[in-house]
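The values are calculated or read from the model by the stated rules, or taken from the named source; none is laboratory data. Keep in mind that what you see is a predicted model, and the values were worked out from it rather than measured. Cβ: placed from backbone, ideal geometry, glycine included. Neighbour counts: every protein chain shown.
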Amino acid sequence: MESEYLLAAGIAAAYLLLCWHFLGHLLHAPRVVDVDAADCVLVAYASQGGQARQLAQDYADILQSSSSPVLVTSLNKVNAPLIRKTSLALFIVSTYGEGEPPDNALRFARQWLQGNNKERLSHLRFAVLALGDRQYQQFCAFGCALAKGLSLCGASQLFETVQVDSMNTLDLANWQQRLALHGLTSARMPPPAVSQEPALAPWQLQRRICLNPGSPGGSVWHLRLVCRTGPQPEWLAGDIAQILPANDPAASLREYSIASIPTEGAIDLVVRQVRRADGSLGQGSGWLTELAQPGDDVLLTIRSNPAFQPPCTTRPMILIGNGTGLAGLRAHLQAREIAGARRNCLFFGERTRSHDFLFQDELLSWQHAGHLPELHLAFSRDQAQRRYVQHLLLEQAALVRDWVEAGAVIYVCGSLEGMEAGVRQALQTILGEERLEAMLIAGDLRRDVY
């Protein structure tokens with residue numbers, strides 16, 4: 001028994017040390033803030049997944065090397081007094097969901113981009129670097145809206161918004177050249193090093209289990225992958241596995257929430273098999289759920305996802321998800337179990353209890369052990385009237401309010417089209433629009449939807 005306690009303590013210490021390592025990396029990331037905004041270049045970022053934030057810090061270094069004082073901050077921290085005394089600003093922004101601003105730009109967007117601000121910004125010159133992915137219909141929509149909104153307020157745009165497709169190096173070089181033409185950087189200085197091809201490593205598919213045999217929906221599979229070369233890399237709950245379908249260099253990477261933590265000794269994924277209208281398999285899900293076989297190598301890399309990484313373990317946590325969105329939430333519950341954080345509440349929705357109660361034994365075990373004291377489930381097909389996770393929230397409105405008043409953070413993971421809007425509306429009904437927006441801005445409400 002003593003050896004078991006020592007093992008548990010060792011695992012807990014290792015995980016806390018890992019969290020401290022990541023926190024230290026964030027705390028020591030380059031940033032310059034102790035300068036007067038009137039005398040410096042403002043570099044403001046809006047980032048859901050961390051890429052815009054990293055680029056903003058990289059360009060701050062470049063500008064500093066050109067002897068320009070720099071202020072780096074998120075868009076939400078660019079308030080009216082700051083922007084009034086800023087004469088030159090670079091905005092590096094991504095787009096979230098269906099053309100929305102990232103969470104750390106909501107306050108700025110509300111104040112300056114909704115047409116109800118009469119303040120003039122004729123003193124401000126600015127440029128916009130918009131990050132996006134052309135696979136999405138609303139490509140770089142927030143960056144374009146930001147440039148338009150600032151121009152309507154009288155600000156002068158230095159040059160046309162530079163749109164970057166999937167961190168394309170040529171697009172970034174175009175931005176760098178335009179900055180050089182306006183004397184902000186040297187034309188000879190290369191853009192920040194951005195890896196177009198992340199370092200992929202072989203992970204062996206150890207096992208694959210169907211989690212919902214007989215389901216009326218698509219099959220959902222639990223995959224376990226073990227690192228085959230060198231020491232296992234580290235990651236945090238909330239991080240993302242990027243998979244190369246069929247290990248084909250010509251294919252685009254597919255992203256999946258990691259459903260485990262490093263102390264498990266493997267990366268767990270939860271993948272729903274996709275079939276197209278003609279019956280063919282989706283490229284990424286088909287490879288993982290059917291074509292790759294146990295023992296095969298799967299090329300992957302891990303992408304840090306700061307916007308969905310763990311909160312302070314002393315705070316209660318409300319987890320909301322549906323379908324394969326349970327993957328990222330499961331990793332958080334594993335992490336909190338090791339940390340001894342027991343105030344956890346899960347709202348989860350799927351199709352049927354008999355076939356689609358994913359990780360049923362594990363969730364019920366956590367509930368019985370007191371690690372998951374609040375477990376609320378909705379199975380949409382088990383009654384005549386469809387019942388979804390947002391209905392659970394409304395039924396438990398008092399519980400949600402009480403937990404939020406006690407300092408709870410809310411993490412949402414699942415489908416953008418099938419869940420996110422309904423959950424957002426339910427939370428707005430329960431907490432009020434102003435409180436909900438304040439939570440988003442403070443990072444107390446975090447979303448990882450797809």
Fill in: Any chance residue 340 is in contact with a strand residue (DSSP E or B) (Cβ under 9 Å, 6 or more places away or on another chain) and in contact (Cβ under 8 Å) with a residue 24 or more places away in the chain
no
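Can you tell me which residues in region 251-269 are under 17 Å from the mean Cα position of the chain (by Cα) and among the hydrophobic types (A, V, I, L, M, F, W, C)? Write out each step before concluding.
Step one: of region 251-269, the residues under 17 Å from the mean Cα position of the chain (by Cα) are 253-261, 269.
Once the filter is applied, which keeps residues that are under 17 Å from the mean Cα position of the chain (by Cα) and among the hydrophobic types (A, V, I, L, M, F, W, C), region 251-269 yields 253, 258, 259, 261, 269.
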Discussion item. For region 113-130, give me each residue that is within 17 Å of residue 73 (Cα to Cα) and in contact with a Gly (Cβ under 7 Å, 6 or more places away or on another chain).
Written reply: 128, 130
Practice prompt. Kindly provide the set of residues from region 273-285 that are over 24 Å from the mean Cα position of the chain (by Cα) and either loosely packed, with under 13 Cβ neighbours inside 10 Å or free of Cβ contacts under 8 Å to residues at least 24 places away in the same chain (or both), ordered by number.
Written response: 276, 277, 278, 279, 280, 281
Item to complete: Pull up region 41-55, narrow it to residues that are in a loop (DSSP other than H, G, I, E, B) and in contact with a strand residue (DSSP E or B) (Cβ under 8 Å, 6 or more places away or on another chain), then point me to the one that is modelled with the lowest pLDDT.
Response: 49
Worksheet item: Within region 270-279, which residues are under 17 Å from residue 291 (Cβ atoms) and part of a strand (DSSP E or B)?
Response: 271, 272, 275
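Residue by residue, here is whether (1) modelled with pLDDT of 95 or more; (2) within 30 Å of residue 80 (Cβ to Cβ) holds:
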{"position": "138", "(1), (2)": "no, yes"}
{"position": "159", "(1), (2)": "yes, yes"}
{"position": "173", "(1), (2)": "no, no"}
{"position": "179", "(1), (2)": "no, yes"}
{"position": "182", "(1), (2)": "no, yes"}
{"position": "194", "(1), (2)": "no, no"}
{"position": "199", "(1), (2)": "no, no"}
{"position": "204", "(1), (2)": "yes, no"}
{"position": "209", "(1), (2)": "yes, no"}
Response to the item:
Within region 205-252, of all residues that are among the basic types (Lys, Arg) and not in a loop (DSSP other than H, G, I, E, B), the one surrounded by the fewest Cβ atoms within 10 Å (Cβ to Cβ) is 207
Response to the item:
Residue pairs qualifying under the 7 Å Cβ cut-off, at least six apart or on distinct chains, with the first in region 197-217 being under 13 Å from residue 289 (Cα atoms) and in the same structural domain as residue 251 (by TED's automatic domain parsing) and the second being among the aromatic types (Phe, Trp, Tyr) and surrounded by 12 or more Cβ atoms within 10 Å (Cβ to Cβ), are 208/221; 209/221; 210/221; 211/221
Discussion item. Filter region 200-242 down to the residues that are aliphatic (A, V, I, L, M) and in contact with a His (Cβ under 8 Å, 6 or more places away or on another chain) and list them by number.
Written reply: 209, 211, 237
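Every residue, every condition in (1) farther than 21 Å from residue 327 by Cα; (2) hydrophobic (A, V, I, L, M, F, W, C), yes or no:
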site: 343; (1), (2): no, no
site: 352; (1), (2): no, no
site: 381; (1), (2): yes, no
site: 405; (1), (2): yes, no
site: 411; (1), (2): no, no
site: 414; (1), (2): no, no
site: 417; (1), (2): no, no
site: 439; (1), (2): yes, yes
site: 444; (1), (2): no, no
Item to complete: For region 376-390, enumerate the residues that are among the aliphatic types (A, V, I, L, M) and either surrounded by fewer than 16 Cβ atoms within 10 Å (Cβ to Cβ) or within 21 Å of residue 431 (Cβ to Cβ) (or both).
Response: 378, 384, 389
Worksheet item: For residues in region 253-269 being without any contact (Cβ under 8 Å) to a residue 60 or more places away in the chain and in a loop (DSSP other than H, G, I, E, B), which is surrounded by the most Cβ atoms within 10 Å (Cβ to Cβ)?
Response: 253
